[in-house]
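Peer 1: Below are the C-alpha cells for one structure; questions will follow.
The values are calculated or read from the model by the stated rules, or taken from the named source; none is laboratory data. All of these numbers come straight from a predicted model, not from anything done at the bench. In this analysis, Cβ positions are derived from the backbone assuming ideal geometry, glycine residues included, and neighbour counts consider all displayed protein chains. With ligands, DNA and RNA removed, areas are computed over all heavy atoms of the protein, side chains included. Shrake-Rupley method; radii C 1.70, N 1.55, O 1.52, S 1.80 Å.
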Amino acid sequence: MGIIFSTYRKNRIGIRRAVPWSFMVSRVVTGATQIIFPYVICFHLMKGEISDEFSQYTNGADYMTYIVLGSALNVLAVSTLMNVGRALITELREGTLEMLLLSPAPRREYFIGCLLEQTTRAMLEFGTVILLGAVFGADLRALVSLRALAVILLAVCSFFCMGLTLSSVMLYTRDTYITQNTLFITMSLICGIAYPIQYLPGWVQMAAQVFPLTPAVSLFRNVVIQNQTLMENHLLILQAVVLSAVYLLTGALWNQRLERRMMESIFG
C-alpha cells in the first residue's frame, strides 16, 4: 500500500504543480462537449427524429440516455489508457525510468498507483457527463445501483489491463501521440459510443470486439437502460474478463522483456 499511495502522491503533486487549474477545466470542458454536441445535432439539426432502425438496434432506448452512458464510459477509457499507458514513457522522458527499474518497488503496485490517481481525476469528467446528461433529459435513475457500480469497476479494470499493453507499445515505439490518438479515435468510432455498431460493416463489428470498451458499453446500457441483471449479461462479462486477461498477460510479459533489455543497455 505504501508503494501505491507514494505513486499516487507523486503523480498528483506533479499535476498540481504543473497544471493546477487547467487540468480541472479541461476535464470539465471535455465532459461537457461529449453531451452538448450530440444534443445540438439531434434536437436542433435533426429535430429529434430518430429512425426506426436506431430504435430496433437499441431496443427502444432513449437517444440522450444512450449517448450519455456511452460517453461516460468512453471518458473513463481514454483517461485510464492515457495515464496508465504513458506512465513508463513519461518516466523515460523525465529521466527517472532507470531509477524506477533499479528500485525494489514492484511494477504492479506502481501501475495501480497510477490507476488510482487518474481515476480520481477522471471522475470529474465522468461526473460532468452524468450531470449534464441528466440536465438534458437522460434517464439515469438506474445508475444509482450496485449493478451499475459493478459494471463501472469491471470496465475500469478492463481499461487498466489494456493500458498495460499500451504502455509496452508506447515504450517500444518511443511514441505517445500517434499511438494514443489513433487508438482513441478508433475506439470512439467502432465501439458503439455514439451509435450502435450494427450500422458498421461486419468486419468492423468483429474488430470492435477486441476492445474492452465494446462489451463494457453494451453491458452498462443493458443494466441502466433495460434494467437487466448481471447474470442476464454473463456473456458480455465473460468477454470483458477474457479480454482483460489477454491484455494483462501481454502487457506484463512485454514490459518484463522491455525492462530486461533496458537494464542490459544500462549495465552493458
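Peer 1: Identify the residue in segment 149-165 that is within 12 Å of V241 (Cβ to Cβ) and open to solvent by 30 Å² or more (accessible area, probe 1.4 Å) and, among all such residues, is farthest from the chain's Cα centre (by Cα).
Peer 2: Among them, the one singled out is L154.
Peer 1: Assigned to a helix (DSSP H, G or I), within 15 Å of the chain's Cα centre (by Cα), surrounded by fewer than 18 Cβ atoms within 10 Å (Cβ to Cβ) and touching a residue at least 12 places away in the same chain (Cβ under 8 Å): does that describe F184?
Peer 2: yes
Peer 1: If you don't mind, another one. Being within 15 Å of the chain's Cα centre (by Cα), part of a helix (DSSP H, G or I) and crowded, with 18+ Cβ neighbours inside 10 Å is the filter here; which residues of segment 189-215 pass it?
Peer 2: Answer for segment 189-215, where residues must be within 15 Å of the chain's Cα centre (by Cα), part of a helix (DSSP H, G or I) and crowded, with 18+ Cβ neighbours inside 10 Å: I190, A208, L213, T214, P215.
Peer 1: Is it the case that V242 is of a type in the set (V, I, T), over 29 Å from G137 (Cβ atoms) and at pLDDT 95 or above?
Peer 2: Values: of a type in the set (V, I, T): yes; over 29 Å from G137 (Cβ atoms): yes; at pLDDT 95 or above: yes.
Spelling it out, V242 is indeed of a type in the set (V, I, T), over 29 Å from G137 (Cβ atoms) and at pLDDT 95 or above.
Peer 1: Considering only residues that are open to solvent by 70 Å² or more (accessible area, probe 1.4 Å) and assigned to a helix (DSSP H, G or I), look in segment 11-42 and name the one that is modelled with the lowest pLDDT.
Peer 2: Out of the qualifying residues, it is M24.
Peer 1: Taking only pairs six or more apart or across chains, which ones have beta-carbon atoms under 6 Å, a first residue in segment 247-265 that is touching a residue at least 40 places away in the same chain (Cβ under 8 Å) and open to solvent by less than 60 Å² (accessible area, probe 1.4 Å), and a second residue that is part of a helix (DSSP H, G or I) and small (G, A, S)?
Peer 2: Pairs that qualify, where the first residue is touching a residue at least 40 places away in the same chain (Cβ under 8 Å) and open to solvent by less than 60 Å² (accessible area, probe 1.4 Å) and the partner is part of a helix (DSSP H, G or I) and small (G, A, S), are G251/S168; N255/S168.
Peer 1: I'd like to know if segment 167-178 contains one or more residues that are surrounded by fewer than 22 Cβ atoms within 10 Å (Cβ to Cβ), of a type in the set (V, I, T), in contact with a Phe, Trp or Tyr (Cβ under 9 Å, 6 or more places away or on another chain) and at pLDDT 85 or above.
Peer 2: yes
Peer 1: Follow-up. Restricted to segment 84-108, and to residues that are assigned to a loop (DSSP other than H, G, I, E, B) and open to solvent by 50 Å² or more (accessible area, probe 1.4 Å), which residue is farthest from Y172 (Cα to Cα)?
Peer 2: So, considering only residues that are assigned to a loop (DSSP other than H, G, I, E, B) and open to solvent by 50 Å² or more (accessible area, probe 1.4 Å), the one farthest from Y172 (Cα to Cα) is P104.
Peer 1: Under the condition of being part of a helix (DSSP H, G or I) and of a type in the set (F, W, Y), which residue from segment 109-146 is modelled with the lowest pLDDT?
Peer 2: Once the filter is applied, the top-ranked residue is Y110.
Peer 1: Related question: Using beta carbons and a limit of 7 Å, which pairs, at least six apart or on different chains, have the first residue in segment 134-145 and surrounded by 13 or more Cβ atoms within 10 Å (Cβ to Cβ) and the second one in a helix (DSSP H, G or I) and among the aromatic types (F, W, Y)?
Peer 2: What qualifies is F136/Y39.
Peer 1: Identify all residues within segment 110-133 that are open to solvent by less than 50 Å² (accessible area, probe 1.4 Å) and either of a type in the set (S, T, N, Q) or within 15 Å of N83 (Cα to Cα) (or both); write none if there are none.
Peer 2: Y110, F111, G113, C114, L115, E117, Q118, T119, R121, A122, E125, T128 - these are the residues of segment 110-133 that are open to solvent by less than 50 Å² (accessible area, probe 1.4 Å) and either of a type in the set (S, T, N, Q) or within 15 Å of N83 (Cα to Cα) (or both).
Peer 1: If I filter segment 47-71 down to residues being aliphatic (A, V, I, L, M) and over 15 Å from L189 (Cα atoms), which single residue comes out as nearest to the chain's Cα centre (by Cα)?
Peer 2: L69
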